[in-house]
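**Q** Below is a structure I'd like to ask you about.
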Amino acid sequence: MTQILQPAHWARPRGYSNGVMARGQMVFVAGMIGWDAQCVFHTDDLAGQVRQALTNVVEVLREAGAKPEHITRMTWYVTDKREYVAAYPEIGRAFREIIGSFNAAMTAVQVQALVEDRAKVEIEVTAVIPD
């Protein structure tokens, strides 16, 4: 069971929560990038890489018996903030299709580069499977 932490006098953030409290078994997913299970990139499009990275996150969660709704925290690393913002509509569609509704705490930061040269996004996740 999770509880959203939202001070009553704060504006509600769009697309994430300011904080989440949860009890249960914790699952930590390493940064997932936009390549497939064989480490092959199929696109250099940011939204396409986000779609694949989110799919990878869900597959790793499944190994722990977790589901997307168990995600409590996400950290997104992007190589180009402007490209990320421009792709919001496509990223939002992919997110809703793969993850569903969203109340996790989230941070997104621009980085100079990722270790894999073709990677444009890396998504790290913490999930909590309720007791």
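**Q** Exactly one condition in (1) exposed (fewer than 14 other Cβ atoms within 10 Å of the Cβ); (2) at pLDDT below 95 is not met by residue 44; state its number.
**A** (2)
**Q** Could you tell me whether residue 36 is farther than 18 Å from residue 3 by Cβ, acidic (Asp, Glu) and open to solvent by less than 70 Å² (accessible area, probe 1.4 Å)?
**A** Details: farther than 18 Å from residue 3 by Cβ: yes; acidic (Asp, Glu): yes; open to solvent by less than 70 Å² (accessible area, probe 1.4 Å): yes.
So residue 36 passes the test.
**Q** With the checklist (1) more than 13 Å from the chain's Cα centre (by Cα); (2) more than 24 Å from residue 130 (Cα to Cα); (3) among the polar types (S, T, N, Q) in hand, flag the one item residue 52 doesn't pass.
**A** (1)
**Q** What number goes with the only condition from (1) touching a residue at least 60 places away in the same chain (Cβ under 8 Å); (2) open to solvent by 10 Å² or more (accessible area, probe 1.4 Å) that residue 69 does not pass?
**A** Among (1) touching a residue at least 60 places away in the same chain (Cβ under 8 Å); (2) open to solvent by 10 Å² or more (accessible area, probe 1.4 Å), residue 69 violates only (1).
**Q** Further question: Identify, by number, the condition in (1) within 11 Å of the chain's Cα centre (by Cα); (2) exposed (fewer than 14 other Cβ atoms within 10 Å of the Cβ); (3) among the acidic types (Asp, Glu) that residue 63 doesn't meet.
**A** For residue 63, the failing item is (1).
**Q** Let me confirm something: among 66, 22, 53, 86, which residue is hydrophobic (A, V, I, L, M, F, W, C), touching a strand residue (DSSP E or B) at 6+ places or on another chain (Cβ under 9 Å) and within 20 Å of residue 111 (Cβ to Cβ)?
**A** Values: 66 fails: within 20 Å of residue 111 (Cβ to Cβ); 22 fails: within 20 Å of residue 111 (Cβ to Cβ); 86 fails: touching a strand residue (DSSP E or B) at 6+ places or on another chain (Cβ under 9 Å).
Only one candidate qualifies: 53.
**Q** Is it true that residue 58 is touching a His at 6+ places or on another chain (Cβ under 7 Å), β-branched (Val, Ile, Thr) and at pLDDT 95 or above?
**A** Values: touching a His at 6+ places or on another chain (Cβ under 7 Å): no; β-branched (Val, Ile, Thr): yes; at pLDDT 95 or above: yes.
It is false that residue 58 is touching a His at 6+ places or on another chain (Cβ under 7 Å), β-branched (Val, Ile, Thr) and at pLDDT 95 or above.
**Q** Just to be sure before I move on: is residue 126 modelled with pLDDT of 95 or more, out of contact with any His (no Cβ under 9 Å at 6 or more places or on another chain), surrounded by fewer than 16 Cβ atoms within 10 Å (Cβ to Cβ) and under 24 Å from residue 23 (Cβ atoms) in the structure I sent? Can you show your working first?
**A** On the way: modelled with pLDDT of 95 or more: yes; out of contact with any His (no Cβ under 9 Å at 6 or more places or on another chain): yes; surrounded by fewer than 16 Cβ atoms within 10 Å (Cβ to Cβ): no; under 24 Å from residue 23 (Cβ atoms): yes.
Judged against the criteria, residue 126 is not a match.
**Q** Same structure again: Return the pair list, or none, for Cβ contacts closer than 6 Å from residues in the stretch 90-117 that are over 13 Å from residue 57 (Cβ atoms) and open to solvent by less than 40 Å² (accessible area, probe 1.4 Å) to residues that are assigned to a helix (DSSP H, G or I) and of a type in the set (Gly, Ala, Ser), at least 6 apart or on different chains.
**A** Close Cβ pairs (under 6 Å, with a partner that is assigned to a helix (DSSP H, G or I) and of a type in the set (Gly, Ala, Ser)) amount to 91/47.
**Q** Quick check on residue 44: is it in contact with a Gly (Cβ under 8 Å, 6 or more places away or on another chain), of a type in the set (D, E, K, R) and more than 20 Å from residue 15 (Cβ to Cβ)?
**A** Spelling it out, it is not the case that residue 44 is in contact with a Gly (Cβ under 8 Å, 6 or more places away or on another chain), of a type in the set (D, E, K, R) and more than 20 Å from residue 15 (Cβ to Cβ).
The values are calculated or read from the model by the stated rules, or taken from the named source; none is laboratory data. If you're wondering where the values come from, they're calculated on a predicted model, not measured in any experiment. Methodologically, a virtual Cβ is constructed for each residue, glycine included, from the backbone with ideal geometry; neighbour enumeration extends over all protein chains shown. Ligands, DNA and RNA are excluded from the accessible area calculation, which covers all protein heavy atoms including side chains. Shrake-Rupley method; radii C 1.70, N 1.55, O 1.52, S 1.80 Å.
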